[in-house]
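Chemist: If you scroll down you'll find the structure; I have some questions about it.
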Amino acid sequence: MKLEQQPHSVRPTQPSSDREAQTFIAPDDAHNRALVHNVHPLTWVNPTPGGRYNLVVLGAGTAGLVSAAGAASVGAKVALVERHLIGGDCLNFGCVPSKALLRAARAVHAVHQASAFGMRAEAHVDFDLAMARVRRLRAGISHNDSVHRLAGLGVDVYFGDARFVGSDAVEVDGKRLEFSRAVIATGARAASPPVPGLSEAGFLTNETVFSLTELPRRLIVLGAGPIGCELAQAFRRLGSSVKVLSVGARLLPREDADAASVVAEQFEREGIHMALGVQIQSVEQRKTEKLVVFERAGEREEVAADEILVAVGRAPNVESLALGAARVAFDRDGVKVDDRLRTTNRRIFAAGDICSAYKFTHAADAMARVVLQNALFFGRKKASSLVIPWCTYTDPEVAHVGLYEDEAKQRGFNVRTLAIPLSEVDRAVLDEQTEGFARVHLDERNGRILGATMVASQAGEMIGEMALAMTAGLSIGTVAKTIHPYPTQTEAWKRLGDAWNRTRLTPRVRAILERILSFRR
């Protein structure tokens, strides 16, 4: 963690050594010490290489962990190299702490909404306690990714900066690790926009925001993608005044426009201010506040805050790997791979955020499994065959799998799109969670599911049914045959299946059925 990006309010006693600085996570409490003990213990001594490895894995995030543990489980000799913290972004700075914080924010919001359900309550937020809960839960989960567990599986774990020194070898901590195959799984980090004055004023990213122990009274979020939207809503619910600034014209620009509109309307109801389609001109530190100057529709505007959270995308971690020495091609988007996840060096594969447009933990997991088959067992598994759902965990959540309508048409499909608002789903009405919808894009010929979007309070839990159907090549008609418990919000999928079946009832088919039934009277 770059300590210079830490807010002054949480800066603890400085680490006493370079290695401590590399593994230090603020604040220095029992939870974070337990985390570091699991994912980069200061007492760890790197092993001595003993011959060529079947697989050397660079990076111990999700893709690296799955690759290393999976290979070791089938008897491969495996080395795993990590420069910072095992568990990568997901455990330490991403999925795990963010979802713990979002859960706290939902709890606060539920109390504020309690009067609608016949209860009188008032929420008093203890932000320090909420963040301590985040750190406690993260530390508990870290056991699953711990160096001790990996070593117990037979993985040789090395801490340090790895760099290629040939087409079949890397060097770390002065040791040369030779390999038959390697996996680059070094992931990505928060990108920093080249805004004048931003670095000097200081800012938060997903790598530092979870070290806060004091709630920012005013927060500016730069970026309206998933990370920016999730954290903007969370901090607003916890009590911050929040403003989202984005160069894009709408929230969640990669999602269905209707879905993004639902989230934007919810943000407005919750008092989250949005300035979209703007150009950030500069940032200035003025005493205790940070001033962001931007231009919108040709007019100069400015807004002040106590903290700035930057969430404008991800940058691949390729700089220190000496990829040229291994003849591995890369560009600004990361390492280049083919459909079998091979790099331009056929001995070396890549998985996860370093090479994928799908920068999700579950996508990294799935890609690592493709790599294991192809690298160790001469498999021919293709990454393009994977059905990868995703979810933005705002409230309501936005989940999607497969193609959007325009994408499906571009690929030559004759598309039938069906949708149902949650206001027509009984359980959503009873829960008073009717802001959202379910939508499917189908092959007109046979009803095969090409893509699906769900906007709902628990959309991430419900999109799995469509992912399963798509993986199995099922039609929406098969989903209609599936019995769903009543009342549940997942009934929306069944209702869409019924709607598809009704489209099959053409006037000609109806006339035939009427004639058959007339003979049976």
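Derivation of every value follows stated rules applied to the coordinates shown; laboratory data play no part. The structure presented is a predicted model; accordingly, all values stated were derived computationally and were not measured. Heads up, the Cβs are rebuilt from the backbone with ideal geometry, glycines too, and the neighbour counts pull from every protein chain shown.
Chemist: Quick query: amide H of SER240 versus all other amide H atoms, modeled in the peptide plane; which residues come in under 5 Å with a sequence gap of 5 or more or a different chain?
Modeler: Amide H neighbours of SER240: none.
Chemist: Based on the Cβ-Cβ distance of LEU42 and SER115, what FRET efficiency does E = 1/(1 + (r/R0)^6) give at R0 = 45 Å, to the nearest 0.05? Can you show the working numbers first?
Modeler: Values: r = 51 Å, r/R0 = 1.13.
Approximately 0.35, to the nearest 0.05.
Chemist: Then there's this: Quick one: MET274, MET367, fewest Cβ neighbours within 10 Å first, how do they rank? Please list the in-between numbers first.
Modeler: Values: MET274 20, MET367 31.
The order, fewest Cβ neighbours first, is MET274, MET367.
Chemist: With 17 Å as the cut-off, how large is the P(r) tail for the stretch 248-385, expressed as percent of Cα-Cα pairs? Intermediate values should be presented prior to the final figure.
Modeler: Numbers: 6802 of 9453 pairs.
When every Cα pair of the stretch 248-385 is considered, 72 percent fall beyond 17 Å.
Chemist: On to the next question. Using the Karplus equation 6.51 cos²θ - 1.76 cosθ + 1.60 (θ = phi - 60°), what ³J(HN,Hα) coupling, rounded to whole Hz, does each residue of the stretch 155-171 give in order, writing x for Gly and Pro?
Modeler: Once rounded to whole Hz, the list reads 8, 7, 9, 10, 9, x, 7, 9, 9, 6, 10, x, 6, 9, 7, 10, 10.
Chemist: What's the extension gain from ARG33 to THR417 if we count 0.36 nm per residue and subtract their Cα-Cα distance?
Modeler: On the way: separation 384, 0.36 × 384 = 138.24 nm, distance 5.13 nm.
Result: 133.1 nm gained on full extension.
Chemist: Here's a follow-up. Calculated FRET efficiency, GLU407 and ARG133, Cβ-Cβ r, R0 45 Å, to nearest 0.05?
Modeler: On the way: r = 40 Å, r/R0 = 0.89.
Approximately 0.65, to the nearest 0.05.
Chemist: Using modelled amide H (1.01 Å from N, peptide plane; none on Pro or chain starts), what sits under 5 Å from the amide H of ARG189, excluding residues fewer than 5 places away?
Modeler: Correct list: ALA315, ASN317.
Chemist: By counting other Cβ atoms within 10 Å of each Cβ, how are PHE378, PHE127, PHE235 ranked from fewest to most?
Modeler: In increasing order of surrounding Cβ atoms, one gets PHE378, PHE127, PHE235.
Chemist: Ok, one more. How high is the relative contact order of the stretch 118-175, given as a whole-number percent (alpha carbon pairs under 8 Å, six or more residues apart)? Display every interim value, and only then the final one.
Modeler: On the way: 22 pairs, mean separation 9.3, N = 58.
Worked out over the stretch 118-175, it gives 16 percent.
Chemist: Something else now. Return ARG269, ARG135, ARG163 ranked ascending by Cβ neighbour count within 10 Å, so the fewest neighbours appear first. List each step's numbers first, then the result.
Modeler: Numbers: ARG269 9, ARG135 22, ARG163 16.
By the 10 Å Cβ count, ascending: ARG269, ARG163, ARG135.
Chemist: Once a ≥ b ≥ c are taken as the square roots of the eigenvalues of the Cα gyration tensor of the stretch 255-321, is the result rounded (a/c under 1.5), prolate (a/b larger than b/c) or oblate (a/b not larger than b/c)? Present the calculation step by step, with values, prior to reporting the outcome.
Modeler: Numbers: a/c = 1.76, a/b = 1.06, b/c = 1.65.
Oblate, because a/c is 1.5 or more while a/b does not exceed b/c.
Chemist: Roughly speaking, what is the stretch gain from VAL429 to VAL74, that is 0.36 nm per residue apart minus the C-alpha to C-alpha distance, in nm to one decimal?
Modeler: Values: separation 355, 0.36 × 355 = 127.80 nm, distance 4.99 nm.
Contour length minus Cα-Cα distance gives 122.8 nm.
Chemist: When each pair of different Cα atoms in the stretch 356-504 is counted once in the 1/r mean, what is the Kirkwood radius in angstroms, to one decimal? Show your work: numbers first, answer last.
Modeler: On the way: mean 1/r = 0.0619 Å⁻¹.
Taking the inverse mean of 1/r over all distinct Cα pairs, the stretch 356-504 comes out at 16.1 Å.
Chemist: Need one word for the stretch 419-521: rounded, prolate or oblate. Basis is the Cα gyration tensor (sqrt eigenvalues a ≥ b ≥ c); a/c below 1.5 gives rounded, then a/b vs b/c decides. Walk me through the numbers on the way to the answer.
Modeler: Values: a/c = 2.49, a/b = 1.65, b/c = 1.51.
Taking the square roots of the gyration eigenvalues as a ≥ b ≥ c, the stretch 419-521 is prolate.
Chemist: Using Cα pairs under 8 angstrom and six or more residues apart, how large is the relative contact order of the chain, in percent?
Modeler: 13 percent
Chemist: Moving on to the next point. Taking the convex hull of the Cα atoms, report for the stretch 409-465 its projected area averaged over all directions, in nm². Provide the component values of the computation, followed by the final result.
Modeler: Working: hull surface 17.5 nm².
Here the figure is 4.4 nm², rounded to one decimal.
Chemist: So what is the relative contact order of the stretch 198-312, in percent, for Cα pairs below 8 Å that sit 6 or more residues apart?
Modeler: Numbers: 219 pairs, mean separation 40.1, N = 115.
Reported relative contact order: 35 percent.
Chemist: Work out which helices of the chain, taken as complete DSSP H runs, extend at least 24 Å along their axis over the Cα atoms and score a mean Kyte-Doolittle of -0.5 or more, then list them. Can you show the working numbers first?
Modeler: Numbers: long enough: 95-112 (25 Å, 0.56).
Membrane-span-like by this criterion, though nothing is claimed about a membrane: 95-112.
Chemist: What percent antiparallel are the DSSP beta bridges of the chain, to the nearest 5?
Modeler: On the way: 51 of 82 bridges.
Taking every DSSP beta bridge within the chain, about 60 percent pair in antiparallel fashion.
Chemist: Also: What does the highest-first list of 297-309, 387-399, 140-152 look like by mean Cβ count within 10 Å?
Modeler: Values: 297-309: 15.1, 387-399: 22.1, 140-152: 16.6.
Highest mean packing first, the order is 387-399, 140-152, 297-309.
Chemist: Further question: Using only helices, what value at 222 nm comes out for the chain when you add -39,500 (n - 2.57) per DSSP H run of length 4 or more and divide by the total residues, to the nearest 500 deg cm²/dmol?
Modeler: On the way: 17 runs with 176 residues, N = 521.
That comes out to -10000 deg cm²/dmol.
Chemist: Could I ask something else about it? Just the Cα atoms of the stretch 198-312, one point each, no solvent: what log10 I(q)/I(0) does Debye give at q = 0.17, 0.19 Å⁻¹?
Modeler: -0.79, -0.99
Chemist: Measure up LYS99/LYS359; LYS336/LYS382; LYS243/LYS290; LYS175/LYS336 against 18 Å on the Cα-Cα distance and list the ones that go over. Don't skip to the end; give the middle numbers.
Modeler: Working: LYS99/LYS359 16 Å; LYS336/LYS382 15 Å; LYS243/LYS290 13 Å; LYS175/LYS336 27 Å.
LYS175/LYS336, as the Cα separations exceed 18 Å there.
Chemist: Now for a separate question. Once you sort the root eigenvalues of the Cα gyration tensor of the chain as a ≥ b ≥ c, which label holds: rounded (a/c under 1.5), prolate (a/b larger than b/c) or oblate (the other case)?
Modeler: Working: a/c = 1.91, a/b = 1.23, b/c = 1.55.
Since a/c reaches 1.5 but b/c is at least a/b, the shape of the chain is classed as oblate.
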